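This report concerns only the one structure given below.
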Amino acid sequence: MDPVASQDAGEALAAVAHARRQVAEEIGLPRGYWWAMAAGWVVLGVIGEFGPSWLVIVATVLFGAGHAALASRLLDGRRGSDGVRVSAAVAGHRTPYVVVGMLVLLVALTVAAALLIDADGAGHAALWAAVVVAAVVGFGGPEILRTLRRWVRA
Amino acid sequence: MTTARFDELIHPATRLSLVATLAAADWAEFAYLRDRLGLSDSALSKQLATLEEAGYVATERRLEGRRHKLRARLTAAGRSAFEGHVAALEEIVAAAGLATG
């Protein structure tokens, strides 16, 4: 085997791996998803703070149903960019679990923030906690998901 | 099972990166490919035309808003040729490893 040819083949394989990694970087959810999630978080916070308990239940169920409807289309992570649709083989099948895990963590974070704010004696603890977490989701959702995916190698 | 087959058409560096990018996607838009591969519009058009002529790539012009956007995707023949080419490259590297090891 010509050593130049084998070196050339190695470099070609590295270029193939690099191209695949670049496309994999696009795995994620559209920006609009995160802002819609942030808006929902604030609305739930407002209702939780000021609304009657039956409205809290209805709003939570509607939020869950709306998310489930979106989730079936978006959670595979293949529509993170307008410029490319990541293949199913590259996207893998762990991204939906990472997103759902992230949402569970954010709910826990909201509850913890509300308890802290309440303990501090500030008013409208649930609302402030929802606003803080909504800002985290809206501004940092894609980056948090990317980091979590890297951690779990999804 | 992929049959290893070195493909002279795919192997040049720019074309290999282009095909590898398309192989990792269902489709990609012209602007995405141009930016990721660092090519000029004309250079990318030329590469896509070559691959389309060989039946490896299909392109589609879509109207989005007021702008036409070009989408490219790998055909089944293109995907098969790419997988065969990658397998051939792996064989070359493996054989070189055996020869030197």
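General observations
- Selection of the stretch A:107-124 for residues being in contact (Cβ under 8 Å) with a residue 60 or more places away in the chain and in a helix (DSSP H, G or I) yields only A:Thr110.
- Exclusive hit being within 14 Å of chain B (Cβ to nearest Cβ), surrounded by fewer than 16 Cβ atoms within 10 Å (Cβ to Cβ) and in contact with a strand residue (DSSP E or B) (Cβ under 9 Å, 6 or more places away or on another chain), set A:Asp82, A:Asp76: A:Asp82
- B:Ala77 over 19 Å from A:Arg85 (Cβ atoms), in contact with a Gly (Cβ under 9 Å, 6 or more places away or on another chain), exposed (fewer than 14 other Cβ atoms within 10 Å of the Cβ) and more than 9 Å from chain A (Cβ to nearest Cβ): yes
- Subset of the stretch B:61-89 (residues that are of a type in the set (Asp, Glu) and at pLDDT 95 or above): B:Glu83
- Contacts under 6 angstrom Cβ, first residue in the stretch B:16-34 being facing chain A (nearest Cβ under 7 Å), partner charged (D, E, K, R) and in a helix (DSSP H, G or I), 6 or more apart: B:Ala24/A:Arg20
- Search result, residues across the stretch A:16-59 that are within 9 Å of another protein chain (Cβ to nearest Cβ) and buried (at least 16 other Cβ atoms within 10 Å of the Cβ): A:Val16, A:Ala19, A:Arg20, A:Gln22, A:Val23, A:Ala24, A:Glu26
- Selected residue (criterion: farthest from the other protein chains (Cβ to nearest Cβ)) from residues of the stretch B:6-15 that are surrounded by 13 or more Cβ atoms within 10 Å (Cβ to Cβ) and in contact with a helix residue (DSSP H, G or I) (Cβ under 8 Å, 6 or more places away or on another chain): B:Leu9
- Criterion violated by A:Glu26 - all others in (1) among the charged types (D, E, K, R); (2) in contact (Cβ under 8 Å) with a residue 40 or more places away in the chain; (3) assigned to a helix (DSSP H, G or I) satisfied: (3)
- Selected residue (only one of B:Lys69, B:Lys46 is within 12 Å of chain A (Cβ to nearest Cβ) and more than 23 Å from A:Ala89 (Cβ to Cβ)): B:Lys69
- Against the criterion of being within 14 Å of another protein chain (Cβ to nearest Cβ), out of contact with any Asp or Glu (no Cβ under 8 Å at 6 or more places or on another chain), exposed (fewer than 14 other Cβ atoms within 10 Å of the Cβ) and of a type outside the set (Ser, Thr, Tyr), A:Ala69 does not qualify.
Condition check ((1) of a type in the set (Val, Ile, Thr); (2) surrounded by 12 or more Cβ atoms within 10 Å (Cβ to Cβ); (3) modelled with pLDDT of 90 or more) across all residues:
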position: A:Leu106; (1), (2), (3): no, yes, no
position: A:Trp128; (1), (2), (3): no, yes, yes
position: A:Gly141; (1), (2), (3): no, yes, no
position: A:Arg153; (1), (2), (3): no, no, no
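The values are calculated or read from the model by the stated rules, or taken from the named source; none is laboratory data. Please read these numbers as outputs of a predicted model, since none were measured by experiment. Every residue, glycine among them, receives a Cβ derived from its backbone with ideal geometry; neighbour counts consider all protein chains shown.
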